[in-house]
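See structure below.
The values are calculated or read from the model by the stated rules, or taken from the named source; none is laboratory data. Given the structure is predicted, the values throughout are model-derived calculations rather than measurements. Glycine gets a Cβ as well: all are built from the backbone with ideal geometry, and neighbour counts include every protein chain shown.
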Amino acid sequence: MKKTFILIAICALTLAVNAQSMTPTEEMMRQFRTTMQKRDFSQHRYANIPLSDQVTPQTKSTKSMPDGRVWFPGEWEEVQAIAVTVNYDHIPATAQGSGYWIADPVLTGYAYYYKYSSGNWNHIGGGPYKSTVDTTSSFGNVFFYLIDAIQMGGAEAWVRIERIEDSSVVVRKLQRMGLRHNNIRYIVGPGNSIWYRDCGPICFYYGNDDNVGMLDFTYYPGRALDDSLPTLISQQYGLPNYITRIEWEGGNCLVDGAGMVFSSDAIYENNTDNTGQLIWDGQNPSTIRYSQISPMTRAQVKQGLHDLLGQRATHILPAYRYDGGTGHVDLYADAWDENGFVFSIMPDIYSSWVDYQTGQKNIDSLCSYLTIHDRNYYMMGDIPFPGNDNGGNFTSQRQYNNSYTRTYSNHTFVNNVIMQPCFSDVVNGIPAADWDRNNIEALKSAYPGYTIYPVDVRGFDGSGGAIHCITKQIPAENPVRILHKNLHGVVAIDTMSAIPVSAVITNKSGIAHAEVMWREAGNTDWSTINLTANGNRFNGSMPCISDTLQHDIEYYISATSVNGKTITKPMTATQGGYYTFSYTNGGIVDSSNFDFTTAPMPAEDITFVFGENWVVEDTTAVREIHDIVGINTMDLEEQFGQFYPNPANANANIRINLGDGAKMAVSIVDITGRTVHSTELMSAGNIVFTIDASRLAQGIYHVVFQSKEQRIVRRLVVK
C-alpha cells in the first residue's frame with residue numbers, strides 16, 4: 001500500500017506527553033494501579049466479601065434482542081463518539097490520620113480505605129469517599145490527550161465524570177494544555193477504574209434504520225460501578241441496552257464487521273466460578289455481598305457468544321499467559337477491515353517464550369479462517385514489538401508480564417485518526433526516543449493514510465493495558481457500509497481486458513451512486529469508474545493495459561447515500577490510504593494472494609436476526625439529557641441534514657431548519673484543528689447553507705455550527 005502518513009503537531013506547542021519523572025507520590029500511585037486498579041481484576045477480587053446465600057437466576061431469557069437485521073461494525077468503521085473517563089483521585093471522606101491514604105470505590109458512596117506504609121498499600125477499613133479529577137499527574141494527563149485526539153478524529157468525546165460540576169474542571173484543564181474542548185459530552189456517574197474497553201458496551205446496528213444498540217456483557221465481579229457504564233449511557237443518551245450474564249471483557253472481543261467473532265479461551269475461565277457482581281442494600285456495609293451464580297460450561301459460553309455476535313462463526317484462540325493477566329486479543333491482533341489483520345509479532349529473540357509460540361499459532365489460525373468473501377484472511381501488515389525504557393529487550397516473560405505488558409497494537413481508531421501508544425516523551429507530536437520514533441514510523445506502513453496521534457503510556461506499565469483498553473467506540477449514526485473483496489498482491493491476468501471490482505454497499509436511505517477511483521502508482525490524476533447497482537450489490541471493472549509490463553495500481557471505493565452522506569473505503573483514501581495491487585499480461589508471477597472471484601456475498605450472509613438469546617433488556621429509566629450534558633445538542637441535531645454532494649469540489653450544500661432564528665457561528669476546521677474559515681448566520685426557518693469547496697484544499701473538514709446553547713458538527717470531504 002502507498003505509504004502516505006500524517007504525524008500530528010499538537011497545537012504548535014512543545015508538549016512532553018506523560019513525561020516519566022515520577023514523584024514519590026506518583027510512584028506510590030503507580031504501585032496501586034498495578035495491584036487493585038490493574039486491568040486484570042480477576043485475581044484481585046475483594047477477598048473479605050462473602051457470597052450471597054441465594055443463587056441469582058441466569059442462562060437464557062425469554063427477552064430477545066431487537067427485531068430486524070443486526071450487524072456488529074468493525075472498529076475501523078465510522079464512529080460518532082468514543083467513551084472514556086478522566087482519572088480520579090479518591091480519598092476517605094474524613095481525615096484518617098497521618099500518612100498517605102487512598103479510597104478504592106466499591107459501590108456507590110462506599111470505598112475501601114488503603115494506607116501506604118512499609119512500601120505497601122494496606123487495607124484499613126472503609127466508608128464514604130471524596131473524588132477529585134486528577135489534573136496534576138503525568139498519568140492523568142494521558143486521558144486529556146485522548147479527549148483531544150477523539151475530537152481531532154471528528155468524534156465526540158463522551159467523558160465519564162463523577163459530578164456534572166467536574167465538567168468545568170475538565171474544560172479548564174484542556175484549555176490550559178492547549179487542547180480541543182468543544183466537542184465533549186458527559187456521562188455522569190460513579191466508577192471503579194479506567195478500563196472502559198472492557199466494561200463498556202459492544203455496540204451494534206439493528207433494524208432497517210440502522211439504529212444503534214448496546215450489548216452489555218458482565219464485567220469483573222468487584223467492579224459493579226464500572227459494570228453499570230452501559231446503563232449510564234442508556235439512561236442519559238437513550239441507547240437501548242441489553243444485558244447478558246456472560247462474563248466477557250471488550251478487550252477480548254475482535255470482530256471483522258461481517259459476522260465473525262474472535263476471542264481467547266480466557267473467557268472460559270472467567271465463567272467457571274460461582275461469583276457474580278456485587279450487591280448491597282445501599283446503607284449497611286455489612287450487607288455487601290457477591291451475588292451467587294451458576295458456573296457455565298465451555299459449550300454454554302461459546303454457544304452464547306455465537307448466538308449474540310458470531311452469526312457466521314465464533315473462534316476461540318489460546319490465551320497468552322504472560323500478558324499482564326488478561327489473556328485479551330487486543331494486545332497483539334487488530335482487524336484492519338473484513339479482509340485481514342495487523343499483528344504485533346514478538347521478535348525471534350523471544351522464540352523460547354510460551355507466548356511467542358502461542359502468538360505464531362494464533363496468527364496461523366486467524367489467517368486460515370474464511371472471510372465473508374470466501375477467502376482466507378491475510379496479514380495486511382505487522383508492526384514492531386516495543387522494548388524497555390532504553391529500547392532494549394526484556395529479560396524474561398515474567399519481567400514483561402509484571403513490569404511492562406507493552407504493545408503498539410493497543411491503539412484505538414477514531415475515524416481517520418489512530419490514538420497510538422508510544423513509550424517515550426512526545427514532543428510536538430513525535431516520540432523523543434530514537435527507537436520509539438523508528439518503531440512508530442515502521443508502524444505507519446500498516447495503516448496508510450491514518451493520522452497518528454502518539455501518546456506516551458509508560459505510566460500504564462505493569463497494569464495490563466493502554467489506550468485501546470481505556471476507550472470504547474460508539475458507532476456513527478446513518479452508516480454507509482461498504483464490504484469489498486479487495487484486490488491485492490501480484491497477479492498474471494493473461495488475456496483479460498478488464499479487472500472486475502465489486503462491493504456490497506448499504507444505507508438506510510439507499511445508495512445514490514458509487515464509483516471506483518483508480519490510477520497507476522506515480523500518477524496524480526484519478527480515473528473514475530461508475531459501479532452498477534443490482535440491489536445492494538455494485539459491480540464494475542478497471543481496464544487492463546495490454547503489454548507485458550507490470551502495472552502497480554492504487555484504488556478506492558466511494559459511495560454516496562440518497563440522504564447525502566459519502567464514505568470511502570478505505571476510510572483514509574483522501575489521505576493516501578488506498579488499496580494497491582499489481583498485474584501483468586502473461587509472464588511467470590506470484591498470483592497466490594489473489595483471485596478474480598470478486599462477486600460479493602448475498603445480503604442475508606452479511607446481516608442476521610438474533611434467535612434465542614442470553615439477555616435481558618435494561619429497563620432503567622432514561623434521564624433527561626439536558627440534566628446531564630453540558631451542552632445539549634439533541635433538539636437542534638434533528639434540524640440539520642448532511643452536506644451534499646460529499647465529497648465536493650465545487651459547492652457543498654446543507655439543509656438547516658433554524659426555527660425562529662438565532663445568531664449562529666459557523667467554523668470550518670481542518671484535520672489539524674485549524675479554523676480555515678468562519679462566518680455567522682442570522683436567519684430563520686428552512687435554509688440551504690452553501691460552502692464553496694473549490695476554495696479549500698483537498699482533505700477532510702469539520703463544519704461547526706455553534707449557537708449560544710447548542711453545537712452541531714458535520715463532516716465534509718473536499719476532493
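Comparison of 251, 207 shows that the only residue that is more than 30 Å from residue 294 (Cα to Cα) and either at pLDDT below 90 or buried (at least 23 other Cβ atoms within 10 Å of the Cβ) (or both) is 207.
For the stretch 177-193, indicate whether the set of residues that are surrounded by fewer than 24 Cβ atoms within 10 Å (Cβ to Cβ), more than 19 Å from the chain's Cα centre (by Cα), free of Cβ contacts under 8 Å to residues at least 60 places away in the same chain and not in a strand (DSSP E or B) is non-empty. Checked against the condition, which is being surrounded by fewer than 24 Cβ atoms within 10 Å (Cβ to Cβ), more than 19 Å from the chain's Cα centre (by Cα), free of Cβ contacts under 8 Å to residues at least 60 places away in the same chain and not in a strand (DSSP E or B), the stretch 177-193 yields at least one hit.
Evaluating residue 502 against the criteria (1) surrounded by 22 or more Cβ atoms within 10 Å (Cβ to Cβ); (2) touching a Cys at 6+ places or on another chain (Cβ under 8 Å); (3) more than 30 Å from residue 438 (Cβ to Cβ) leaves one unmet condition, (2).
Of the residues 412, 405, 395, the single one that is out of contact with any strand residue (DSSP E or B) (no Cβ under 7 Å at 6 or more places or on another chain), under 30 Å from residue 313 (Cβ atoms) and β-branched (Val, Ile, Thr) is 405.
Count of the stretch 227-266 residues, restricted to those that are part of a strand (DSSP E or B) and among the polar types (S, T, N, Q), is 4. The residue pairs whose first member lies in the stretch 352-373 and is farther than 16 Å from residue 260 by Cα, whose second member is part of a loop (DSSP other than H, G, I, E, B) and among the basic types (Lys, Arg), and whose beta carbons are closer than 7 Å, counting only pairs six or more residues apart or on different chains, are 354/321; 355/321.
For residue 166, indicate whether it is touching a helix residue (DSSP H, G or I) at 6+ places or on another chain (Cβ under 9 Å), in contact (Cβ under 8 Å) with a residue 24 or more places away in the chain and among the charged types (D, E, K, R). It would help to see each step written out before you state the result.
Numbers: touching a helix residue (DSSP H, G or I) at 6+ places or on another chain (Cβ under 9 Å): no; in contact (Cβ under 8 Å) with a residue 24 or more places away in the chain: yes; among the charged types (D, E, K, R): yes.
Judged against the criteria, residue 166 is not a match.
Going through (1) at pLDDT 95 or above; (2) over 22 Å from the mean Cα position of the chain (by Cα) one by one, residue 106 falls short only on (1). Filtering 449, 429 for residues that are at positive phi, modelled with pLDDT of 95 or more, out of contact with any Asp or Glu (no Cβ under 9 Å at 6 or more places or on another chain) and not aromatic (Phe, Trp, Tyr) leaves a single hit, 449. Scanning the stretch 362-381 for residues that are crowded, with 18+ Cβ neighbours inside 10 Å, at negative phi and not in a loop (DSSP other than H, G, I, E, B) gives 362, 363, 366, 380.
Of all residues being of a type in the set (Val, Ile, Thr) and surrounded by fewer than 18 Cβ atoms within 10 Å (Cβ to Cβ) in the stretch 683-707, which is modelled with the highest pLDDT? Just the residue, please. First the steps, then the outcome.
First pass over the stretch 683-707, keeping only residues of a type in the set (Val, Ile, Thr): 687-688, 690-691, 700, 703-704.
Subset that is surrounded by fewer than 18 Cβ atoms within 10 Å (Cβ to Cβ): 687-688, 690.
Values: 687: 85, 688: 85, 690: 91.
For the stretch 683-707, the residue satisfying everything is 690.
Evaluate the following for residue 220: is it crowded, with 21+ Cβ neighbours inside 10 Å and assigned to a loop (DSSP other than H, G, I, E, B)? In short, yes.
Residue by residue, here is whether (1) within 29 Å of residue 341 (Cβ to Cβ); (2) touching a helix residue (DSSP H, G or I) at 6+ places or on another chain (Cβ under 6 Å) holds:
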site	(1), (2)
226	yes, yes
240	no, no
274	no, no
295	no, no
298	yes, yes
305	yes, no
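No other residue among 219, 237 is at pLDDT below 95, among the hydroxyl-bearing types (Ser, Thr, Tyr) and closer than 21 Å to residue 460 by Cα apart from 219. Restricting attention to the stretch 267-282, the residues being more than 12 Å from residue 50 (Cα to Cα) and either of a type in the set (Lys, Arg) or outside any loop (DSSP other than H, G, I, E, B) (or both) number 4.
Inspection of the stretch 472-484 finds no residue satisfying the criterion of being more than 30 Å from residue 238 (Cα to Cα), touching a residue at least 12 places away in the same chain (Cβ under 8 Å) and surrounded by fewer than 23 Cβ atoms within 10 Å (Cβ to Cβ).
Would you pick out the residues in the stretch 397-426 that are small (Gly, Ala, Ser) and at pLDDT below 95?
Filtering the stretch 397-426 for residues small (Gly, Ala, Ser) gives 403, 409, 424.
Of everything in the stretch 397-426, just one residue is small (Gly, Ala, Ser) and at pLDDT below 95, namely 403.
Residues that are assigned to a strand (DSSP E or B), within 21 Å of the chain's Cα centre (by Cα) and closer than 22 Å to residue 358 by Cβ within the stretch 317-341 comprise 333, 334, 335, 336, 340, 341, listed in sequence order.
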